[in-house]
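**Student:** I am attaching a structure below and will ask some questions about it afterwards.
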Amino acid sequence: MSEAADRTLETTTARSVFATLKLVFGIVPIVAGLDKFTNLLVDWSKYIAPAFASMLPFSGRTFMYIVGVIEIVAGLGVLATRWTRTFAIIVGIWLLCIAVDLLLGRFYDIAVRDVVMAVSAFCLARRAAVVPSTEMRTRPVRTATV
């Protein structure tokens, strides 16, 4: 294979990985956030560690509503804005915070899953730094005039 073909394949692969991660970390937080209002997937309040539940000034259900709004906003930020990198970092940090809560609640298996998802969200943020957005690819480049 020629060097140009290798670069094209590498670029295509990078964009494909970026698009997949962007879709996943956009849709999954939105779905999880919406489910905080319906509890169709699971009763989310059971995952609040007792140490944290005792510190809340309101019910676990109210807390989950707040969590749901945050997750929906984060998912939309990843999926539908030009700040994918920033929102991917937010999602990664959020997942690490959830993992801490899960560890304190002794949900070790789910905590491990959330740590792995956080690492993947940080990978999306790194990809977003090097895969330019459509806006950046189509916008003409301005040069300085002297």
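**Student:** Being in contact (Cβ under 8 Å) with a residue 24 or more places away in the chain and assigned to a helix (DSSP H, G or I) narrows it down to one residue among L96, L79; which is it? Before the answer, list the steps.
**Tutor:** Numbers: L96 fails: in contact (Cβ under 8 Å) with a residue 24 or more places away in the chain.
Just a single option satisfies the conditions, and that option is L79.
**Student:** For residues that are hydroxyl-bearing (S, T, Y), in contact with a helix residue (DSSP H, G or I) (Cβ under 9 Å, 6 or more places away or on another chain) and over 24 Å from F122 (Cα atoms), tally how many sit in region 6-57.
**Tutor:** Matching residues across region 6-57 total 1.
**Student:** Further question: Is region 70-83 home to any residue that is in contact with a Gly (Cβ under 8 Å, 6 or more places away or on another chain), surrounded by fewer than 14 Cβ atoms within 10 Å (Cβ to Cβ) and either among the hydrophobic types (A, V, I, L, M, F, W, C) or within 22 Å of K22 (Cα to Cα) (or both)?
**Tutor:** Yes, the conditions are met somewhere in region 70-83.
**Student:** Collect the residues in region 34-49 that are part of a helix (DSSP H, G or I) and within 20 Å of the chain's Cα centre (by Cα), keeping them in residue-number order. Write out each step before concluding.
**Tutor:** To start, the set of residues in region 34-49 that are part of a helix (DSSP H, G or I) comprises 34-38, 44-47.
The answer is L34, D35, K36, F37, W44, Y47.
**Student:** If you scan region 66-97, which residues turn out to be out of contact with any helix residue (DSSP H, G or I) (no Cβ under 6 Å at 6 or more places or on another chain) and over 23 Å from V131 (Cα atoms)?
**Tutor:** I66, V69, I70, W94, C97
**Student:** Given the residues T20, T38, which is the only one that is surrounded by fewer than 11 Cβ atoms within 10 Å (Cβ to Cβ) and either without any contact (Cβ under 8 Å) to a residue 40 or more places away in the chain or farther than 17 Å from C97 by Cβ (or both)? Show your work before the answer.
**Tutor:** Values: T20 fails: surrounded by fewer than 11 Cβ atoms within 10 Å (Cβ to Cβ).
Exactly one residue qualifies, and that residue is T38.
**Student:** I'd like the residue in region 9-33 that is over 15 Å from the mean Cα position of the chain (by Cα) and not charged (D, E, K, R) and, out of all such residues, is farthest from R85 (Cα to Cα).
**Tutor:** Of all residues in region 9-33, those over 15 Å from the mean Cα position of the chain (by Cα) come to 9-16.
Checking which are not charged (D, E, K, R) leaves us with 9, 11-14, 16.
Details: L9: 23, T11: 18, T12: 19, T13: 18, A14: 15, S16: 16 Å.
The selected residue is L9.
**Student:** OK, next. Filter region 33-86 for residues that are of a type in the set (D, E) and either modelled with pLDDT of 95 or more or in contact with an Asp or Glu (Cβ under 9 Å, 6 or more places away or on another chain) (or both); which is farthest from L104 (Cα to Cα)? Reasoning before the result, please.
**Tutor:** Just the residues of region 33-86 that are of a type in the set (D, E), to begin with: 35, 43, 71.
Narrowing the set further to residues that are either modelled with pLDDT of 95 or more or in contact with an Asp or Glu (Cβ under 9 Å, 6 or more places away or on another chain) (or both) leaves 35, 71.
Working: D35: 23, E71: 21 Å.
Among them, the one singled out is D35.
**Student:** Let me ask something else about it. Being surrounded by 14 or more Cβ atoms within 10 Å (Cβ to Cβ) and in a loop (DSSP other than H, G, I, E, B) is the filter; apply it to region 109-139 and report the residue that is modelled with the lowest pLDDT.
**Tutor:** Here the answer is S133.
The values are calculated or read from the model by the stated rules, or taken from the named source; none is laboratory data. These numbers come from a predicted model, not from an experiment. All Cβ positions, even for glycine, are placed from backbone atoms using ideal geometry, and neighbour counts span all protein chains on display.
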